[in-house]
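Below: the structure, in structure tokens.
Values quoted throughout were computed directly from the atomic coordinates according to the rules given, and no laboratory measurement underlies them. Note that this is a predicted model, so its numbers are computed, not measured. Here Cβ is always computed from backbone atoms with ideal geometry, including for glycine, and neighbour counts include all displayed protein chains.
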Amino acid sequence: MTELTQKVVVITGASSGIGAALARNLGARGDRLVLAARREALLKKVASDSGAEAITVVADVTKRKDVEKIRDAAMAKFGHVDVWVSNAGYATGKKVMDLTDQEFQEIIDVVLKSVFYGMQTIVPHFQERGEGHLINVSSTLGRVPIVSFRSVYSASKAAVNSLSSNLRMDLRKYPNIKVSTVLPGMVDTNFHAVAGSPFRPKAGEKVGQAVVMSAEQVAEQIANLIDHPVPELYIPAGGAELAKQYFQDVGAFEERMAQW
């Protein structure tokens, strides 16, 4: 990749999982990276695996000033940002009636508020340049909320989908500014352990009709999305058909899932 085609890419939640896999993927092809997360040691390890032009920013994306710090570090080092990937995520294994106020607020802050801050922080820069690409990593559960112990996580991701769509409409007069929503299905990362999942899906396993993806497989598709932007990307593509079935008859779909 030549300097003219190198992209400056910001990735939040880059210390593990999909964010770390994406950093390694993009670093291998020569992109210049700004990697942000709270866990400094893990973040530095990912950066060392992602090429010579990867810098780190220790940041808590639930705080607006920290998100602005990420942007400022990118500008100071590289002069501009081409792609901003809001990837930070967190979940809890609680059903609606079991959630505490604190658990509810924590998920809203990490999953939704961080995306909102990312939008308001980087879009003005894209507007000044007349180009840029914002990628918000959501979840198929934000479109098809069928896992009840992911209640507030699914609700937050649904809000991410809605915010992304509204922003995309608002930016239609900027044809070179793209807003993409990524909706992965089950992915083999430490997300499930942290969230207290009753099961630990492994890449390649089949769970119901779905095949569990690896973080590297998801990262490869996001890298392709950077090169070929679309408004929404289901990973795997079968998620779109799942969503179609869900909205055709929600009651019947829920009944089938309950029986399964």
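Applying 1/(1 + (r/R0)^6) with R0 = 41 Å to the Cβ-Cβ distance of Arg172 and Ser48 gives a FRET efficiency near 0.50. Applying the criteria of a DSSP loop state and at most 15 other Cβ atoms within 10 Å to the GluC sites (Glu not before Pro) of region 38-145 yields Glu131. Using R0 = 30 Å, the C-beta based FRET efficiency linking Arg39 and Ala240 works out to 0.35.
Pop out the Kirkwood hydrodynamic radius of region 1-144 from its pairwise C-alpha distances, inverse of mean 1/r, in Å to one decimal. In region 1-144 this quantity evaluates to 15.6 Å. Highest GNM mean-square fluctuation among Leu134, Leu26, Leu167, for the chain modelled with Cα contacts below 10 Å: Leu167.
Taking a cut-off of 16 Å, what percent of all Cα-Cα pairs in region 102-177 are separated by more than that? Every Cα pair in region 102-177 considered, those over 16 Å come to 52 percent.
Charged neighbours of Phe253, selected by a Cβ distance under 15 Å, balance to -1 (K, R count +1; D, E count -1).
Over the chain, what relative contact order in percent results from Cα pairs under 8 Å that are six or more residues apart? Kindly include the intermediate steps, with their values, before the conclusion.
Working: 489 pairs, mean separation 44.9, N = 260.
Result for the chain is 17 percent.
Along its first, second and third principal axes, ordered by size, the chain spans 54, 42, 36 Å in Cα coordinates. Could you identify which residue out of Gln248, Gln217, Gln120 has the top mean-square fluctuation in a GNM of the chain using Cα springs shorter than 10 Å? Looking only at Gln248, Gln217, Gln120, the largest GNM fluctuation is found for Gln248.
Remark on Glu232: its backbone amide H falls under 5 Å from those of Thr181, a criterion applied only to residues 5 or more positions apart or on other chains, H modelled at 1.01 Å from N. Of interest is the spacing of the C-alpha centroids, which for region 8-85 and region 143-158 amounts to 27 Å.
Using Cβ contacts closer than 10 Å as the measure, can you line up His133, His125 from fewest to most? Walk me through the numbers on the way to the answer.
Working: His133 22, His125 15.
Taking fewest neighbouring Cβ atoms as first place, the list is His125, His133.
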